[in-house]
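K.L.:
Pasting a structure here, questions to come.
The values are calculated or read from the model by the stated rules, or taken from the named source; none is laboratory data. Because the structure is a prediction, the values reported are computed rather than measured. Methodologically, a virtual Cβ is constructed for each residue, glycine included, from the backbone with ideal geometry; neighbour enumeration extends over all protein chains shown.
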Amino acid sequence: MSTGALQPGVAAAADSSATPQGGAAAAAPATFWTRLDAGLDRVSDHLNPILVKETRQALRSRQFVLWFLLLLAACWLVTIGGVAWMGPGVQYAAGGGLMFMCYYCVLAFAVVIVVPYAAFRSLSSEQEENTRDVLMVSALRPSQIINGKLGGAVLQIGVYLSALSPCLAFTYLLRGIDLRTILLLPVFAVA
């Protein structure tokens with residue numbers, strides 16, 4: 001006696017997965033997300049291994065999470081403080097320039113202080129943990145190691161910039177600043 005005979009729901013489920021020809025179950029159609037995941041797996045095999053390691057290590061660190069949350073809190077304070085300072089005049093006053101300057105200072109702090117310090121800590125941790133010698137002996141060229149470390153820092157800048165970009169766009173709605181300035185000044189901060 002089979003277990004399917006004792007449990008009618010199991011037998012019905014087993015019968016519904018079989019094909020009409022009595023073969024194995026049909027493969028589930030590939031969704032967009034499964035195709036994207038497979039594509040990203042193929043691409044990641046060709047990326048710089050140091051870049052992948054640095055990105056994973058940096059984005060999972062407590063230091064990054066702390067600075068990212070502080071950046072978001074600073075943006076929130078600038079938003080609430082700026083709108084409260086403008087008061088009822090926020091509807092018709094041109095306060096976008098001042099708000100943009102405050103957001104730009106928050107972004108500049110992250111780009112000029114936080115990211116270089118994180119890159120410095122990444123390089124110094126290689127020496128502290130004695131993994132620098134392993135990197136030098138590996139098949140990677142020194143340029144690949146440096147490009148991977150710098151690429152990790154650039155990705156952190158991209159994360160900070162993408163978190164701040166809605167706030168920068170918000171300043172355009174407050175009038176007093178043109179779209180060209182909003183688009184070019186963050187590029188200058190990163191460059």
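K.L.:
For a quick check of your reading of the model, give me the residue pairs whose first member lies in region 89-107 and is over 17 Å from residue 75 (Cβ atoms), whose second is modelled with pLDDT of 90 or more, with beta-carbon atoms closer than 8 Å and at least 6 apart or on different chains.
P.N.:
none
Yes/no matrix, rows are residues, columns are (1) under 24 Å from the mean Cα position of the chain (by Cα); (2) within 18 Å of residue 65 (Cβ to Cβ):
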position: 102; (1), (2): yes, no
position: 115; (1), (2): yes, yes
position: 127; (1), (2): no, no
position: 130; (1), (2): no, no
position: 133; (1), (2): no, no
position: 156; (1), (2): yes, yes
position: 177; (1), (2): no, no
position: 184; (1), (2): yes, no
position: 189; (1), (2): yes, no
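K.L.:
Quick one: what pairs do we get from region 34-63, first residue farther than 20 Å from residue 142 by Cβ and surrounded by 11 or more Cβ atoms within 10 Å (Cβ to Cβ), second among the β-branched types (Val, Ile, Thr) and modelled with pLDDT under 85, C-beta under 7 Å, 6+ apart or different chains?
P.N.:
Taking only residues 6 or more apart or on different chains, the pairs are 44/52.
K.L.:
Something else about it: In region 110-163, what residues are at positive phi and either at pLDDT 85 or above or surrounded by 11 or more Cβ atoms within 10 Å (Cβ to Cβ) (or both)?
P.N.:
Matches in region 110-163: none.
Here is a yes/no grid of residues against (1) within 12 Å of residue 50 (Cα to Cα); (2) of a type in the set (A, V, I, L, M, F, W, C); (3) in a helix (DSSP H, G or I):
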position	(1), (2), (3)
103	no, no, yes
108	no, yes, yes
111	no, yes, yes
120	no, yes, yes
145	yes, yes, yes
150	yes, yes, yes
154	no, yes, yes
161	no, yes, yes
